[in-house]
Amino acid sequence: MPSLGLTGLATMGANLARNVARNGFEIVVHNRTAEKTERFLERFGDEGPIEGASSLEELVSKLERPRAVMIMVKAGEGTDAVIEQLIPLLEEGDTVLDGGNAHYRDTERRAEALAGHGIRFLGVGVSGGEEGALNGPSIMPGGDEAAYRDVEDILTTIAAQVDGEPCCAYVGPGGAGHYVKMVHNGIEYADMQLIAETYDLLRHGAGMEVAEIAEAFRHFNEGPLESFLIEIAARVLAQPDDRGDGPLIDAILDEAEQKGTGRWTAQDALEMGLPLTGITEAVFARSLSALRAEREQAAGRLAGPVPDGDAGGLVDDVAGALYAGKIVAYAQGFGQIAAASEQHGWDVDLGAMARIWRGGCIIRARFLDRIREAYDASERSPNLLLADPFAGEIAEAQDAWRRVVQTAVEIGIPVPALSSSLAYYDGYRRERGPANLIQGLRDLFGAHTYKRVDGGDESFHTEWGG
């Protein structure tokens with residue numbers, strides 16, 4: 001009998017089902033709209049051992065116990081609705097897998113509800129887009145570990161493979177899998193914002209043509225910056241507009257949409273008191289881009305310098321600045337995962353997360369191998385910025401980084417991700433900052449007390465007078 005059931009045959013679900021079948025695993029597929037199931041079977045039914053089901057009842061009846069049913073519907077109410085329909089159909093020891101972009105707290109809520117019926121639950125982060133889903137994504141499963149072991153062979157086989165290792169590993173209990181996927185997406189936000197700022201500087205600061213910038217990104221991708229996002233940035237910039245003259249990039253509306261995972265990452269960091277500057281600024285930048293009508297009005301009203309396209313030094317410096325910004329984004333993201341793992345008792349293996357992000361996922365990059373080595377070292381640094389070789393590399397890049405941010409400010413091109421990452425770096429490397437004044441102010445207006453450098457853990461309050 002089939003090993004896995006899958007409901008939800010939109011692009012991601014359909015491609016995952018095809019991936020499972022292509023690897024020789026039997027699978028039963030279902031969609032709320034029966035016609036979509038029929039069309040799927042007509043197109044792809046010969047790719048492997050795929051059966052269709054016209055209802056969830058039929059899907060469950062065709063599965064071998066302990067059953068495993070993967071939900072690939074839009075995150076939110078749709079997932080809850082499918083789970084409610086599955087509960088009376090499944091039995092103790094069966095497993096539900098949610099492969100959508102769920103909030104980790106929803107995952108924990110669903111796991112608790114299903115546990116009351118003896119049904120196991122896995123929140124499975126899946127990254128790689130439609131191509132990754134078909135040819136091998138990065139998979140981040142969390143939840144019931146025994147349930148994971150039952151489906152481990154399927155998940156590790158369909159995942160991307162790098163150096164003979166699957167880009168799939170058990171993340172931890174509860175909502176750990178979806179949490180790690182959430183932070184992955186947050187890093188993705190920061191990474192794309194850094195790339196967009198680099199493009200903006202080269203286009204409007206250095207005056208380069210789009211074709212020249214595409215070639216620059218291709219060159220970037222041959223060095224330390226090698227990554228999927230740099231690679232596809234070059235492809236996007238090189239694409240001609242098939243409905244007009246010039247590059248397609250000039251015809252694309254400059255409003256960046258978002259589905260929530262980057263915002264969730266920033267919100268969670270704020271709740272934990274973590275300085276997640278790069279990712280948060282990337283979220284804000286998307287929000288600002290959505291204010292198109294206001295920006296059009298402001299462009300004619302608000303004064304600022306006019307770039308003359310003659311900031312030639314940018315061409316030599318942007319690669320170093322982009323690399324430094326990327327290091328900060330990954331350092332902050334991994335730091336957030338570490339903090340959440342400790343808070344929730346997940347025991348997430350950070351080195352394993354770097355390993356499974358090396359292939360299949362959107363943020364796959366050459367330097368993830370070195371991130372894995374840093375976290376696998378016997379003496380692990382509390383922050384990637386302190387680890388070899390990143391401490392040396394960011395020190396080497398910092399002069400270019402500073403020149404880029406300085407030039408951007410002078411010519412009026414916003415670089416929120418690059419500049420906030422530099423501010424974080426400078427704040428982190430300072431032994432003593434200005435927060436002592438903040439504490440003094442808080443004590444004066446609110447008697448919030450402060451600690452002294454020579455006072456240990458004792459708190460003090462001053463009668464400030466006046």
Taking Cα atoms, the helix 228-238 axis meets the longest principal axis of the chain at an angle in degrees (rounded to 10) of 80 degrees
When we measure straight from the Cα of Lys259, which lysines land under 17 angstrom away, once same-chain ones fewer than 8 places off are left out? Lys74, Lys181
Set Lys and Arg Cβ to +1 and Asp and Glu Cβ to -1, take the dipole of the stretch 181-428 about its Cα centre, and tell me which of Ala216, Met192, Met272 lies farthest positive. Met272
Gain upon complete extension [Leu41, Asp242; 0.36 nm per residue less C-alpha separation]: 69.0 nm
Provide the FRET efficiency to the nearest 0.05 for the Ala81-Asp376 pair, computing r from the beta carbons and using R0 = 56 Å. 0.85
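Where the convex hull is taken over the Cα atoms of the stretch 366-466, what is its projected area averaged over directions, in nm²? Before the final figure, lay out each step's value.
Working: hull surface 43.8 nm².
Averaged projected hull area, Cα only: 10.9 nm².
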Could you compute the net charge surrounding Thr449? Neighbours are other residues with a C-beta less than 11 Å from the C-beta of Thr449; K and R count +1, D and E count -1. +1
Work from the charge dipole of the chain (Cβ charges, +1 for Lys and Arg, -1 for Asp and Glu, about the Cα centre) and give the residue of Leu202, Ser3, Gly177 farthest towards its positive end. Gly177
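DSSP loop GluC sites (Glu not before Pro) in the stretch 186-244 with at most 14 other Cβ atoms within 10 Å of their Cβ, which ones? Mind dumping the intermediate values first?
Numbers: sites: Glu188, Glu197, Glu209, Glu212, Glu215, Glu222, Glu226, Glu231; in loops: Glu209, Glu222, Glu226.
In loop regions of the stretch 186-244 (DSSP not H, G, I, E or B), the sparsely surrounded GluC sites (Glu not before Pro) are Glu209, Glu222, Glu226.
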For the stretch 277-361, what size does the Cα cloud have along each of its three principal axes, sorted from largest down, in whole Å? 53, 33, 23
Taking 0.36 nm per residue of separation and subtracting the Cα-Cα distance, what length does fully extending Arg366 through Glu255 add? 37.0 nm
Once the other residues with Cβ under 15 Å from the Cβ of Asp46 are scored (Lys, Arg +1; Asp, Glu -1), what is the net sum? -1
Difference of contour (0.36 nm per residue) and Cα-Cα distance, Ala391 to Lys74: 110.0 nm
In whole Å, largest first, what are the principal axis extents of the Cα atoms in the chain? 74, 67, 46
Spin-label point model (7 Å from Cα, Cβ direction): what's the Thr449 to Val409 distance in nm? 3.8 nm
Order of Trp401, Trp346 under a 10 Å beta carbon neighbour criterion, fewest first: Trp346, Trp401
Fewest-first sequence of Arg243, Arg452, Arg364, Arg203 by Cβ atoms within 10 Å of each Cβ: Arg243, Arg452, Arg203, Arg364
Can you give me the distance in nm between label points at Asn436 and Glu91, each placed 7 Å from the Cα along the Cα-to-Cβ direction? 7.0 nm
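Using +1 on the beta carbon of Lys and Arg, -1 on that of Asp and Glu, and nothing else charged, what's the dipole of the chain about the Cα centre, debye to 20?
Here the size comes out at about 500 debye.
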Cα to Cα, under 13 Å, and not fewer than 8 places away if on the same chain: which aspartates and glutamates meet these conditions relative to Lys326? Glu188, Asp191, Glu197, Glu226, Glu393
Taking Rh as the Kirkwood radius computed over C-alpha pairs, what is the Stokes-Einstein D of the stretch 4-174 at 10 °C in a medium of viscosity 1.306 mPa s, expressed in µm² per second? 101 µm²/s
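Count charges around Asp349 for me, please; just the other residues with Cβ under 11 Å from its Cβ, Lys/Arg as +1, Asp/Glu as -1. Write out the running numbers ahead of the final one.
On the way: positive: Arg355, Arg372; negative: Asp347, Asp376.
So the environment of Asp349 carries a net charge of 0.
Just so you know, all these numbers are worked out from the coordinates, no wet-lab data involved. Being a predicted model, the structure only gives us computed values, none of them experimental. So basically every Cβ, Gly included, is an ideal-geometry build from the backbone, and we count neighbours across all protein chains shown.
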